[in-house]
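The values are calculated or read from the model by the stated rules, or taken from the named source; none is laboratory data. In this text, all values refer to a predicted model and were calculated from it rather than measured experimentally. Using ideal geometry, Cβ is built from the backbone for each residue, glycine included, and neighbour counts are taken over all protein chains shown.
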């Protein structure tokens, strides 16, 4: 819904050149909210994948240790 409103405001900006201060403020607020929600969704997905990886590591220690060693090598200076 918010993305549709942002799209409509972008189209209006292209057609008219400038948005009114109210429209510009609304677009800014919606854009911030959408980006904030996207960050939250990305973090939730990453946490869910970590849980899945831990479960896989519990059943298959070779995969778990391989991932740990790759991370250790990557972090080592």
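Is it the case that region 1-13 has a residue that's modelled with pLDDT under 90 and exposed (fewer than 10 other Cβ atoms within 10 Å of the Cβ)?
yes
Going by the structure shown, is residue 70 surrounded by 10 or more Cβ atoms within 10 Å (Cβ to Cβ), outside any loop (DSSP other than H, G, I, E, B) and in contact with a helix residue (DSSP H, G or I) (Cβ under 6 Å, 6 or more places away or on another chain)?
No: the conditions fail for residue 70.
Any idea which residue in region 14-27 is farthest from the chain's Cα centre (by Cα), counting only those that are in a helix (DSSP H, G or I) and surrounded by 13 or more Cβ atoms within 10 Å (Cβ to Cβ)?
In this case the residue turns out to be 23.
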